[in-house]
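A short reminder: the numbers here are calculations on the coordinates, not readings from a lab. If you're wondering where the values come from, they're calculated on a predicted model, not measured in any experiment.
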Amino acid sequence: MNDFKTDAELARKGDTAAFSRLYSMVYKEMYHTALYNLRSPHDAADAVSDTVADAFETIGRLKNAEAFRAWIMKILFAKIKKRQKEYMNSNAELDDALIYNEDFDFDSSELKDALDSLDEESRTILSLSVLGGYKSMEIAEISGLKASAVRSKLSRIKAQLRLSLCE
């Protein structure tokens, strides 16, 4: 995990170059996480953009400079949840050619179908864990769940995926 402390402290004091460096360390993760959860390149880009604007405006309130990554992801997930509520029952299909690059390649349609069958909360927890590399305590902070609930849900999500893929 990157050390954000120095740049976060500078950004809190108004250093825009430091904020830019922070953003450059997390933008890919933010976009791919938003895309995975929102299923729309346009909405993902908008969620990231809105997140960055809010983060830039409120970075002075960041209490723990080392927690920058979790803090900005918490803002992102608030944006994602808001957008998900806007199209709660949308069945829009992902266009793999448009959104997945060499870092995110699904080898089978079964895996994509299994992931698509997950509910929003499950996709959030799984994406934070697998795509973001967050620990259960960090996911708990971002999602508002207890760490034990995150571990339990993550275990059930993985079991559900295994079962879906073995059928």
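At a glance:
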| item | result |
| --- | --- |
| Alpha carbon centroid spacing (whole Å) that separates segment 28-71 from segment 132-148 | 16 |
| Under 20 Å from the Cα of Lys74 - lysines, other chains or at least 8 residues apart | Lys5, Lys28, Lys63, Lys82, Lys85, Lys135, Lys146, Lys153 |
| Space enclosed by the convex hull of the alpha-carbon atoms of segment 106-167, per residue, Å³ | 72 |
| Relative contact order (%) - criterion: Cα under 8 Å, at least six apart; region: segment 10-86 | 35 |
